[in-house]
Amino acid sequence: MPTVLANVNDLLEKRVLEETGEYASTGGRKAKSIGINKSYCHAMGILITANHIEMVLVNLGDEIIKKDRIRFKFTAELSYCTEVAQKVKTFLEGEAAKDTLLGIGVAIPGIIDQKERIVLKSHALGIENYSLRFLEQALEIPVYFENDANAAMLAEKKQKYPNAIYLSLNHTLGGAFCIDGKLFRGQNQKAGEFGHMILVPGGRKCYCGKSGCADAYCAASVLTQDNRQSLDAFMEKIESGDEKNLQTWNEYLDHLAVLISNLRMAYDMDIILGGDVGGVLSDYMIPLGEKVMAYNGFEHDVSYLKNCSYKKEASAVGAAKYFFTKHMVEL
């Protein structure tokens with residue numbers, strides 16, 4: 001107890017912790033409740049996509065206190081980096097949290113060599129062996145780069161999901177998984193590329209050049225007709241009972257159920273459904289669960305299927321949270 005009290009007092013002095021109230025009296029002096037001081041420090045997260053950048057400002061309580069999504073087409077030109085830096089500056093203008101900013105986490109759809117600061121390959125952005133050094137210099141504060149699906153996994157609480165798979169069901173299908181609370185990256189930084197597992201041999205053409213990839217059947221682009229309509233518009237048609245879209249939705253859930261069943265058999269972990277589609281699946285867990293159980297005769301429930309914590313900003317939040325973990329270790 002003396003050691004615990006000493007540590008608590010030390011963190012109170014550093015303002016990492018703060019008094020948050022009092023418990024009801026049990027006869028003596030009221031005990032004080034102590035919790036994280038959410039405004040102690042902040043971090044920023046950015047998600048770069050082919051046509052947008054998404055920015056979030058996150059406090060130590062993992063709460064988004066500001067966010068913005070801007071249409072901004074990616075190019076490999078150096079001018080893109082300076083323009084991103086300018087947009088970050090505008091985003092942070094007038095924010096008191098700017099004074100306690102630990103760094104900026106940048107999530108990118110691609111395979112990243114973090115040590116060398118290189119995007120080895122990104123189909124989504126159309127780049128290969130692309131250096132991130134100039135972007136790092138342009139931002140002028142500590143920067144952390146991460147694959148977008150890995151970043152989305154980092155947005156989830158490690159205490160809740162120490163061993164889990166994250167399915168990122170965005171315009172393209174990505175994935176990641178944690179073992180003992182740590183991302184497993186694989187020998188070549190390619191672990192979790194579930195979108196390019198063959199789901200239907202000889203099936204639909206995937207953007208990677210192969211045929212029958214899970215991405216061609218389970219990415220959000222299947223529902224949005226490759227962005228010709230929004231996901232919200234598609235879901236509105238589902239709710240209104242539109243037969244054509246209901247058929248597309250049922251086929252989508254069938255293919256997703258096969259993918260989920262395969263991943264569960266291979267990894268025997270919780271599976272978190274994230275990304276744009278993951279954000280709307282919470283209302284359809286029963287029909288999805290029924291389809292999954294039809295493909296898996298070894299289990300009698302699908303309690304291992306989990307809904308994501310952040311429906312829209314997971315990758316940006318996860319990239320930002322890296323700095324909280326790093327800072328707490330240093331404390």
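The values are calculated or read from the model by the stated rules, or taken from the named source; none is laboratory data. Since the structure is predicted, the reported quantities are computational estimates derived from the model, not experimental observations. Glycine gets a Cβ as well: all are built from the backbone with ideal geometry, and neighbour counts include every protein chain shown. Side chains are part of the model used for accessible areas, which takes the heavy atoms of the whole protein and leaves out ligands, DNA and RNA. Shrake-Rupley method; radii C 1.70, N 1.55, O 1.52, S 1.80 Å.
Odds and ends about this structure:
- Couplings 3J(HN,Hα) of the range 180-191, computed from phi: 6, x, 10, 4, 9, 9, x, 5, 10, 6, 10, 4 Hz, in residue order, whole Hz [Karplus 6.51 cos²θ - 1.76 cosθ + 1.60, θ = phi - 60°; x for Gly and Pro].
- Between the amide H of Ile118 and those of Asp113, Leu132, distances stay under 5 Å, these residues lying 5 or more places away or on another chain, with hydrogens modeled in the peptide plane.
- Difference of contour (0.36 nm per residue) and Cα-Cα distance, Val8 to Met285: 95.5 nm
- Taken about its Cα centre, the chain carries a charge dipole of about 460 debye when Lys and Arg each add +1 at the Cβ and Asp and Glu each add -1 at the Cβ.
- Using only the C-alpha atoms, the convex hull of the range 65-209 corresponds to 146 Å³ per residue.
- Nearest-ten-degree value, helix 243-267 long axis tilted from longest Cα axis of the chain: 60 degrees
- The range 259-331 - percent relative contact order, Cα under 8 Å, separation 6 or more: 38 percent
- Projected label points at Lys98 and Ser33, each 7 Å from Cα along the beta carbon direction, are separated by 3.5 nanometres.
- 18 Å Cα-Cα threshold exceeded, pairs from Lys115/Lys190; Lys14/Lys326; Lys98/Lys321; Lys89/Lys157; Lys14/Lys38: Lys89/Lys157
- Rounded to the nearest 10 degrees, the inclination of helix 78-92 to the longest alpha-carbon principal axis of the chain is 50 degrees.
- Computed over Cα pairs, the Kirkwood radius of the range 196-331 leads via Stokes-Einstein (0.890 mPa s, 25 °C) to a diffusion coefficient of 148 µm² per second.
- Along the axis of the charge dipole computed for the chain (Cβ charges of +1 for Lys and Arg, -1 for Asp and Glu, origin at the Cα centre), the listed residues Pro201, Ala219, Val56 are led at the positive end by Val56.
- Contour minus Cα-Cα distance for Ala50 and Glu243 (0.36 nm per residue): 66.3 nm
- Pairs of alpha carbons in the range 124-257 whose separation is greater than 26 Å (percent): 37 percent
- For a straight C-alpha distance cut-off of 13 angstrom, the aspartates and glutamates reachable from Lys66 (same-chain residues fewer than eight places away being disregarded) are Glu54, Glu93, Glu95, Glu313.
- The Kirkwood hydrodynamic radius of the chain, based on inverse pair distances between different Cα atoms, is 21.4 Å.
- As a fraction of the 1.4 Å probe accessible area of the chain, surface on carbon and sulfur atoms comes out at 50 percent.
- The chain: angle of helix 2-13 to the longest principal axis, Cα-based, in degrees nearest 10: 80 degrees
- Whole-number accessible area per residue in Å² for the range 172-276, which is evaluated in the context of all protein chains at 1.4 Å: 49 Å²
- Phi-based couplings in Hz for the range 139-151 (Karplus 6.51, -1.76, 1.60; Gly and Pro marked x): 6, 6, 9, x, 10, 10, 10, 8, 4, 5, 6, 4, 4
- The chain - share of DSSP beta bridges that are antiparallel (%, nearest 5): 65 percent
- Linear extension gain, Ser211 paired with Arg133, 0.36 nm per residue minus alpha-carbon span: 24.6 nm
- With a Förster radius of 22 Å applied to the beta-carbon distance between Lys121 and Asn307, the computed FRET efficiency rounds to 0.10.
- Set of the range 135-154 residues, backbone N closer than 15 Å to the point 7 Å along the Cα-Cβ line of Gln86: 138-139
- Across the range 274-286, computed HN-Hα scalar couplings (Karplus, 6.51 cos²θ - 1.76 cosθ + 1.60, θ = phi - 60°) run x, x, 4, 6, x, x, 9, 6, 4, 8, 10, 5, 5 Hz from first to last residue, x flagging Gly and Pro.
- Computed from the alpha carbon atoms alone, the convex hull of the range 1-66 holds 113 Å³ per residue.
- Comparing Phe234, Ala191, Ser303 along the charge dipole axis of the chain, the residue lying farthest to the positive side is Ala191, per the Cβ-charge model.
- The charge dipole of the range 198-307, taken about its Cα centre with unit charges on the Cβ atoms of Lys, Arg (+1), Asp and Glu (-1) only, comes to about 480 debye.
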